[in-house]
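The values are calculated or read from the model by the stated rules, or taken from the named source; none is laboratory data. Remember, predicted model here, so these are calculated numbers, not experimental data. Here Cβ is always computed from backbone atoms with ideal geometry, including for glycine, and neighbour counts include all displayed protein chains. Areas reflect the complete protein model, heavy atoms only, side chains present, ligands, DNA and RNA absent. Shrake-Rupley method; radii C 1.70, N 1.55, O 1.52, S 1.80 Å.
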Amino acid sequence: MRHASVLFVASFVAAVLAPHALAAPGVTAVELAPRTEARAVESRTAATRFSLAGIHWRGTGSVELRTRSLEGRWSPWRAAAPEGGDGPDPGSREAGPRAGWRIGSPWWVGPSDRLETRTTGRVSRVRAYLVWSPEVGVPYRAPAATSAPPIVPRLSWGASESIRRGPPTYAPAVRFAVVHHTAGRNDYTRAQAAAVVKAIQLYHVQGNGWNDIGYNFLVDRFGTIYEGRYGGIERNVVGAHALGFNTGSVGVALLGTYGSAAPPKAAQDALTRLLAWRLDLAHVEPTSISTVISSGSERYPRGIPVLLRSVSGHRDTGFTECPGGQLYARLGALAASANAIGLPKLYEPRVETSGRATRFRGRLSSSLPWVVAVTDADGAEVARGTGTSTTIDWTWNAASATPGRYAWTMSAGTSRPATGSLRVGGAEAPAILDVAAEPEAITPNGDGQADAATVSYRLTAAMNLTVTVTDAIGGVVATLVDRVWTQPGTHSTVVDGAALPDGSYAVALVGRTAAGVELRQSVPLTVSRTLGLVAVSPTVVSPNGDGRRDVLRVTFSLTAAADVRVRILRDGNWVATPLSSSLLPGVQRLTWDGMRANGPVRDGAYSAVVEAEDELARASFAVPFTSDTTPPAVRFLPGLPLRVRVSEPAALTVRVSGTTVRQRVARAGVVRVRWRGPATRAQAVAWDEAGNRGTAFFRAPPPRKAGSRE
């Protein structure tokens, strides 16, 4: 424990008791009860295990954690959130799910079975998220683009596409890169690296409530590059890695902690190749500096201009030591090395239109012949500019061009060309379009489910914008955006319903253009605290009639009497309605065994949707689960020693000569049975997470008789 003088406000130590061993990748959330005594509470379940841990808490104080490995060794105490500033931008679609909670870093700790926390200062609630992420054995694949470095796609590291909470969003352009380290141990093996990436995704989505993994790319200490957030490695996907600076940046995280440890050369080389390719794709010079407007962080308030390097560290945008002193000190050299890869290069292509005159400009890494070509909708060239220099500067007079949309290309030698489109004549009328609230009904009861809504909208012109929440008679009850000059494009803001009474509201948008045109749009929003935490168990069912995991249990709570409907969906399509009834307040439990009522069940992803409607409002929440009725395929390979091929992760039991051997199969493939000596007969039984059983038998061939011919 720390010295008593340090714990001057409050402190406690608590142990996490996870319910059971996690057989497949997943997250277990555990609420920790504060304790005044400075002692550990031993777990009653020795089989509990996890490989990554993260802490959330409420209050102004701080939290530390330590973990115990499967070998019984306790780690040092670590700050739960040493790297602040990770997260979605304020007002983005994913910024609201954990409002009021402080979010800790995802600590990769390796296979462990205990976790303890202690606090300093005012901490009212502590919640631990335990992630089990076993090694994945899918072969790595590189993208087809020859100019890109080898990048492990999401499929190969085992990304869970079914847990993504929303579609990707895209920035108009990438202007700079932010380099991070992830926190956690540096001694992970090459086989564990992909499991670390998957564990971070699980924590970011199922723990933090983000749409997907926060980083755009990740690099392990062996120099392997991994595709991060979904949406396309060549597209400007907005991540959740640098609070206030996600839009227009690409986030790259090096797995591990590099405060006192130097990053391995293989990792530095891979980071350099990745930055060289990705910034060249955006036509950004790696050694340049630009001014970026903050969208709001703990260090830079919204609207503040910040001078950033094209290869910046996370500490440049927030109050954090990330990416660690050793890695941060090398960023200048890495940027210079990235700048020298793949020459020649085209930097900062831009197009400026004034009336019918359009000016094309850009910079080149060396003097080269250059061409700017403009084509119409049919692909016919209508204008061309040429020159030889280190700068591109050509103006097209489109006075005689037919109004419409045109494409342009800027190229020079073997450099990567820049392309784009422009409109000649006419303009899209100012409008506020595509206004939507997700979800349309929120339940701000602090359970982490639908506590806030994200309101998205698209502006076709720049305007002074105000966004408010109004009640049933039009009175303003909350102001979300207060007369902010907003550029054209897609935007969003978050409605935190904590201060709103239950009832029906509207989110009203009012915009005024520079010409004085006033525009109005609105979208309905419902606030209802009637529906409490929704959960399903088990999360993997096997409705095949064998008595194991055949039924699905759905639990939820009601704070008031309500009409409740529970529906089962597959791929967004209605499958069944296990419940439609009026219920009284309290905890509700539903057991459903109807998956086989209409014939064989299709394996795959499902969701249970609970809808509750009372006198004031109607709310709903969906929880995913999976159906798996397929037993693992098991077979013995010929010859000795005994080897078994298993088609999926499973618990394997082998009976040999009256002796039972039990092994855990972490991934599909061939397993060598832990058995020495002769074996004439053997039986193997494999159980997958859903309780499906696969069986195989082995019998050694009889010995040949003396003198027999082959």
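Just name the residue that is most open to solvent (accessible area, probe 1.4 Å) out of those in the stretch 631-658 that are modelled with pLDDT of 90 or more and among the polar types (S, T, N, Q). Top of the filtered list is SER647. Checking each residue in the stretch 302-312 for being modelled with pLDDT of 85 or more and open to solvent by 60 Å² or more (accessible area, probe 1.4 Å) picks out LEU307, ARG309.
Residues that are under 30 Å from TRP675 (Cβ atoms), open to solvent by less than 50 Å² (accessible area, probe 1.4 Å) and modelled with pLDDT of 85 or more: does the stretch 605-621 have at least one?
No, the stretch 605-621 contains no residue that is under 30 Å from TRP675 (Cβ atoms), open to solvent by less than 50 Å² (accessible area, probe 1.4 Å) and modelled with pLDDT of 85 or more.
Got a sec? Which strands (runs of 3 or more DSSP E) wholly within the stretch 404-447 have at least 1 residues that are open to solvent by 70 Å² or more (accessible area, probe 1.4 Å), at pLDDT 85 or above and closer than 30 Å to VAL495 by Cβ?
Numbers: elements: 404-412, 418-424, 432-438.
Those strands (runs of 3 or more DSSP E) span 432-438.
Confirm whether SER297 is in contact (Cβ under 8 Å) with a residue 12 or more places away in the chain, more than 30 Å from ARG483 (Cβ to Cβ), buried (at least 19 other Cβ atoms within 10 Å of the Cβ) and under 24 Å from the mean Cα position of the chain (by Cα).
Working: in contact (Cβ under 8 Å) with a residue 12 or more places away in the chain: yes; more than 30 Å from ARG483 (Cβ to Cβ): no; buried (at least 19 other Cβ atoms within 10 Å of the Cβ): yes; under 24 Å from the mean Cα position of the chain (by Cα): yes.
Considered against the rule, which asks whether it is in contact (Cβ under 8 Å) with a residue 12 or more places away in the chain, more than 30 Å from ARG483 (Cβ to Cβ), buried (at least 19 other Cβ atoms within 10 Å of the Cβ) and under 24 Å from the mean Cα position of the chain (by Cα), SER297 comes out as no.
Just one of the listed residues (ARG315, ARG330, ARG359, ARG350) is charged (D, E, K, R), touching a Phe, Trp or Tyr at 6+ places or on another chain (Cβ under 7 Å) and open to solvent by 50 Å² or more (accessible area, probe 1.4 Å), and it is ARG315. Within the stretch 520-556, the residues that satisfy the criterion of being more than 18 Å from GLU611 (Cβ to Cβ), open to solvent by 30 Å² or more (accessible area, probe 1.4 Å) and of a type outside the set (Lys, Arg) are GLN521, SER522, SER537, THR539, ASN544, GLY545, ASP546, GLY547, ASP550, VAL551.
So how many residues does the stretch 693-710 have that are assigned to a loop (DSSP other than H, G, I, E, B) and at pLDDT 90 or above? If you could, list the steps in order and put the result at the bottom.
Taking the stretch 693-710 as the starting set, the residues that turn out to be assigned to a loop (DSSP other than H, G, I, E, B) are 700-710.
Keeping just the survivors that are at pLDDT 90 or above gives none.
Qualifying residue count, the stretch 693-710: 0.
When ALA450 is tested against (1) at pLDDT below 85; (2) open to solvent by less than 60 Å² (accessible area, probe 1.4 Å); (3) on the phi > 0 side of the Ramachandran plot, exactly one condition is not met: (1). Mind listing just one residue for me: the one in the stretch 253-273 that is of a type in the set (Ser, Thr, Tyr) and open to solvent by 40 Å² or more (accessible area, probe 1.4 Å) and, of those, farthest from TYR215 (Cα to Cα)? By that ranking, first place goes to SER260.
Here ASN211 meets the list (1) open to solvent by less than 10 Å² (accessible area, probe 1.4 Å); (2) of a type in the set (S, T, N, Q); (3) under 16 Å from GLU227 (Cβ atoms) almost entirely, failing just condition (1).
Hey, can you tell me all the residues within the stretch 670-701 that are open to solvent by 20 Å² or more (accessible area, probe 1.4 Å) and of a type in the set (Gly, Ala, Ser)? Spell out the reasoning first.
Just the residues of the stretch 670-701 that are open to solvent by 20 Å² or more (accessible area, probe 1.4 Å), to begin with: 670-672, 674-678, 680-681, 683, 687, 689, 693, 695, 697-701.
Selection gives GLY677, ALA700.
When residues in the stretch 611-628 are screened for being in contact with a Ser or Thr (Cβ under 7 Å, 6 or more places away or on another chain) and more than 16 Å from GLY448 (Cβ to Cβ), 9 of them pass.
For the stretch 70-105, give me each residue that is modelled with pLDDT of 85 or more, under 14 Å from TRP57 (Cα atoms) and open to solvent by less than 30 Å² (accessible area, probe 1.4 Å). Residues satisfying the conditions are ALA80, GLY104, SER105.
So for the stretch 588-595 (the condition being open to solvent by 50 Å² or more (accessible area, probe 1.4 Å), in a strand (DSSP E or B) and within 30 Å of ALA682 (Cβ to Cβ)), does at least one residue qualify? Quick ask: steps written out before the conclusion?
As a first pass, look at the stretch 588-595 and keep what is open to solvent by 50 Å² or more (accessible area, probe 1.4 Å): 589, 591, 593.
The next check asks that each one be in a strand (DSSP E or B); those that pass are 589, 591.
From what's left, within 30 Å of ALA682 (Cβ to Cβ): none.
No, the conditions are met nowhere in the stretch 588-595.
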